[in-house]
Structures are given as C-alpha cells and as structure tokens.
C-alpha cells in the first residue's frame, strides 16, 4: 500500500475531518464565550470542569440512572406494544390498515400534547415521563416493524405454509428475522427520541433525572452545568449506540 493510501486510511480511522471540524467549533465556542460571558455561553473549560465535578461527586450516576430507569419502562413498554401491533398487522390485512392509520395519528401528535396529558392524568409523579416516552416511541417502533413485515419475502411465507406453521410460528420464525434491519433501525431512533423526550418531561414534577438536574442548573444560573448535562446525554446516546445497538445488530444478524 502506498504512502498516500496509508495516510488516507489512518485519516478515515481517526475521523480526521470530524476532528478538524470539532477543533474549529471549540475555537469558535471559546471566542464567543469571551464575547458574551459565562451565563449566555460558558467556556469549554468551564463545561468540562462541571462535567468532572458531576462524575467525582457521583451525581451523574444518580440522575442518569433515574432517567434510564424511566426510559427503560417507557421504551420497553413501547417495544412490547409495537411487537404486538406487528403481529396483528401480520395476521390481518384489516388490522394492518388500522395499525398504519393509528401510527400516522400518533406520529402527527406533538410531544407537548403528551406531556400536558401526562401531567393531567398522572400528576407530578414518576409515571408522567414514562407515559410520554411510551407514546412518543411507540409509533416509531411500530412503523419500522410494520414496514419490515411488508418487505418479507413472499416465498418464505409460502414455505412456512408448506410446513403448516401457525400464524404465531410464522411471525417468530419468518417475519421477525426478516424485519431485523428495520427493528434495529427503529430501536436506534426510538431510544434517541426516548432520551430526549424523557429529559423534557422530567422538568415537570420529578425530583431526579437529567431533565430535573438541568432545570435546577438553569434556575441557579449555572449555565455551564446545563451544558455539562447535555454532554452526559450525548455520552449516553453514543455508548448505547456503540455498546448496545451495534452489538444487538451483530447478534441478531447471526441469529437471522
């Protein structure tokens, strides 16, 4: 391999263009921070110091754990409901039309509608962000699963009919493996939405979680801590994408 090719390969592995853009953004950030002050835009150093204090004090684990537990309930419930809707859509063409219409309506409903309804129905409790997360991620997961069902190879279904598999058996043995790419894509997008929505919902009524901590930081004018918690959210999403969804995609691909 020639020297230019080696350099290009290392640049790709190190994400060199991204690093260059990152350095430029940091430089611009630092310059704007000096121009507008710490309250409007804290410096990168102040944000990193705030993040370090969260890790050292253990506060990050407490609030991140609270957020992730709520996300787990809402997102897990949405996944179970989406799989049930996918099974109905597979078994009945009429049910598939109903699921498609319901998903369209849910997708068109704003997150703030669900937050307000959650506050009305559940009050200032832990269930408000759980419910909001469920309602926002359900249509994303259901849409990906039903799309995967529609893309199943008809020849595989004919083979399943020859072996006289039941509808449930065909769903588990043929449909689910065929919808793996759609399912993983839905999980990635759905988890990102769940994280964002849960944090927004936590601003109202709970006493733990990333959203609660960000709101408290805003109230005490600690803008650098708002940015620090934003970095925590980014770290959670990147870790989930790399350690969970990439690994899940590989395992499901082998199972498929």
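Any read-out appearing in this document is the output of simple, stated calculations on the displayed coordinates, not a laboratory observation. This is a predicted model, so every value here is computed, not measured. Backbone-built Cβ (ideal geometry, glycine too); neighbour counts: all protein chains shown.
Which value in deg cm²/dmol, rounded to the nearest 500, describes the helix-derived mean residue ellipticity at 222 nm for the chain, given -39,500 (n - 2.57) per DSSP H run of n ≥ 4 and division by the residue count?
Details: 13 runs with 203 residues, N = 256.
Result for the chain: -26000 deg cm²/dmol, rounded to the nearest 500.
Relative contact order for the chain: what percent, with Cα pairs under 8 Å and sequence separation of 6 or more? Intermediate values should be presented prior to the final figure.
Working: 264 pairs, mean separation 64.2, N = 256.
Across the chain, relative contact order equals 25 percent.
Taking the Cβ-Cβ separation of residue 219 and residue 91 as r and a Förster radius of 45 Å, what is the calculated FRET efficiency to the nearest 0.05?
On the way: r = 51 Å, r/R0 = 1.14.
E(calc), rounded to 0.05, equals 0.30.
Could you work out how far apart the two model spin labels at residue 124 and residue 45 are, taking each label as a point 7 Å from the Cα in the direction of the beta carbon, and quote it in nm?
Placing both labels 7 Å beyond Cα along the Cβ direction yields 4.0 nm.
May I ask for the angle, rounded to the nearest 10°, between helix 93-108 and the longest principal axis of the chain, with both axes built from Cα atoms and the value confined to 0 to 90°?
Helix 93-108 sits roughly 10 degrees off the main axis of the chain.
Highest mean first, what order results for 62-73, 123-134 on Cβ atoms within 10 Å? Before the final figure, lay out each step's value.
Numbers: 62-73: 19.4, 123-134: 21.5.
Final packing ranking: 123-134, 62-73.
Taking the Cβ-Cβ separation of residue 251 and residue 84 as r and a Förster radius of 35 Å, what is the calculated FRET efficiency to the nearest 0.05? List each step's numbers first, then the result.
On the way: r = 23 Å, r/R0 = 0.65.
Efficiency at R0 = 35 Å is approximately 0.95.
Nearest 10 degrees is fine. How inclined is helix 246-255 to the longest principal axis of the chain, computing both from alpha carbons?
20 degrees
Grab the Cα-Cα distance for residue 104 and residue 20, subtract it from 0.36 nm times how many residues apart they are, and report the gain in nm with one decimal.
Working it through step by step, the gained length comes to 26.2 nm.
State log₁₀ I(q)/I(0) for the chain at q = 0.11 Å⁻¹ as given by the Debye formula over alpha-carbon point scatterers of equal weight, solvent excluded.
Evaluating at q = 0.11 Å⁻¹ gives log10 I(q)/I(0) of -0.77.
Against the longest principal axis of the chain, how steep is helix 111-122, in degrees 0 to 90 to the nearest 10, with axes from Cα atoms?
Result, in degrees: 80.
Given the Cα-Cα distance of residue 169 and residue 239 and 0.36 nm per residue of separation, how much length would full extension add, in nm?
Details: separation 70, 0.36 × 70 = 25.20 nm, distance 3.43 nm.
Fully extending the segment from residue 169 to residue 239 adds 21.8 nm.
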